[in-house]
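Novice: Please see the structure below; I have some questions.
The values are calculated or read from the model by the stated rules, or taken from the named source; none is laboratory data. As the structure is a computational prediction, the values presented were derived from the model and not from experiment. Methodologically, a virtual Cβ is constructed for each residue, glycine included, from the backbone with ideal geometry; neighbour enumeration extends over all protein chains shown. For accessibility, only protein heavy atoms count, side chains too; no ligands or nucleic acids. Shrake-Rupley method; radii C 1.70, N 1.55, O 1.52, S 1.80 Å.
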Amino acid sequence: MPEVEIGMRVNGRSRRASVPARLTLADYLREDCGLTGTHLGCEHGVCGACSVLMDGEAVRACLVFAVQADGADITTIEGIASPDGTLSPLQDAFREHHGLQCGFCTPGFIVSATAFLREHPDPTDDQIREGLSGNLCRCTGYQGIINAVRAAA
C-alpha cells in the first residue's frame, strides 16, 4: 500500500509521518502518536467514542483518514486539559457530577461537549441532549453527563 507524507498539530505538538493512505485518524492517533484516549467502539461513526477536534470541530476519527487531517490542528482528550494537567471545567464537571460511568465513552463525550459548548455557551437540557445525541453511553449514564455539561456551561 502506498504511503503518504502528512503533517499536523496534535495537542499543540507538530507531527510528521509517512502513513498508509487508508490509515484512519483514530489508528494514527492511537498507534503512531500513543494517544489511546481516542477509543474505538463501533468503527462505523455511530458511537462517538473516537471523537476528536479537527480545527475545532468534533469529528469521528474512525471515519477520517489520517491523510485527510494533513495540515489540521487536532485535539484529543489528552489535549483538553491544561498543559500543567489542570482539568478543563468540563472535565472537572464530569468528575463532580458522575458523568464518567465506566469511562469508555467519556473521552468522546468530553470532546464533543467541548465543541458543543463553544457554540452553545448557555444551553438548555434539550439542546444538550440534541448536541450530544451522536455519542452513546452503554452504561446509560446520560443524566450525569447532562448534569455535567450544564454545570460546565
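Novice: Need one number: convex hull volume per residue for the range 98-139, Cα atoms only, in Å³.
Specialist: Here the figure is 73 Å³ per residue.
Novice: Related question: If R0 is 35 Å, what FRET efficiency do you get for residue 32 and residue 143 from their C-beta distance, rounded to 0.05?
Specialist: Using R0 = 35 Å, I get an efficiency of 0.40.
Novice: In nm, what is the difference between 0.36 nm times the number of residues separating residue 44 and residue 95 and their Cα-Cα distance?
Specialist: 15.5 nm
Novice: Please report the carbon-and-sulfur percent of the accessible area for the chain; probe 1.4 Å, protein heavy atoms only, DNA, RNA and ligands left out.
Specialist: C and S atoms contribute 49 percent here.
Novice: Plugging the Kirkwood radius over Cα pairs into Stokes-Einstein for the chain, at a temperature of 4 °C and a viscosity of 1.567 mPa s, what D comes out in µm²/s?
Specialist: Numbers: Rh = 15.6 Å.
Estimated via Stokes-Einstein, D reaches 83 µm²/s.
Novice: Quote the FRET efficiency, to the nearest 0.05, computed for residue 151 versus residue 102 with a Förster distance R0 of 25 Å and r equal to the Cβ-Cβ distance.
Specialist: It comes to 0.75.
Novice: Moving on to the next point. As an exercise, identify the trypsin sites (Lys or Arg not before Pro) in the range 70-153 lying in DSSP coil whose Cβ has no more than 12 other Cβ atoms within 10 Å.
Specialist: For trypsin sites (Lys or Arg not before Pro) across the range 70-153 that sit outside H, G, I, E and B with at most 12 neighbouring Cβ atoms in 10 Å, the list reads 138.
Novice: Kindly give the semi-axes, whole Å and largest first, of the ellipsoid equivalent to the range 67-124, taking each as the square root of 5 times a Cα gyration tensor eigenvalue.
Specialist: Value: 21, 15, 12 Å, ordered largest first.
Novice: Give the accessible area for residue 3 in Å² (nearest 10); use a 1.4 Å probe, count only protein heavy atoms, and leave out ligands, DNA and RNA.
Specialist: 110
Novice: Using Cα pairs closer than 8 Å and at least 6 residues apart in sequence, work out the relative contact order for the chain, in percent.
Specialist: 24
Novice: Can you tally the net charge around residue 7? Count Lys and Arg as +1, Asp and Glu as -1, for every other residue whose Cβ sits under 12 Å from the Cβ of residue 7.
Specialist: Every neighbour counted, the sum reads +1.
Novice: Counting heavy atoms of the protein chains only and a 1.4 Å probe, report the per residue accessible area for the range 2-97 as a whole number of Å².
Specialist: 49
Novice: What accessible surface, in Å², does a 1.4 Å probe find on residue 35, ignoring ligands, DNA and RNA and rounding to the nearest 10?
Specialist: Accessible surface of residue 35 is approximately 20 Å².
Novice: Let me ask another. Ignoring everything but the protein chains, give the 1.4 Å probe accessible area of residue 98 in square angstrom, nearest 10.
Specialist: Per-residue accessible area (residue 98): approximately 140 Å².
Novice: What is the magnitude of the charge dipole of the chain about its Cα centre, with +1 placed on the Cβ of each Lys and Arg, -1 on the Cβ of each Asp and Glu, and no other charges, expressed in debye to the nearest 20?
Specialist: Result for the chain is approximately 220 debye, rounded to the nearest 20.
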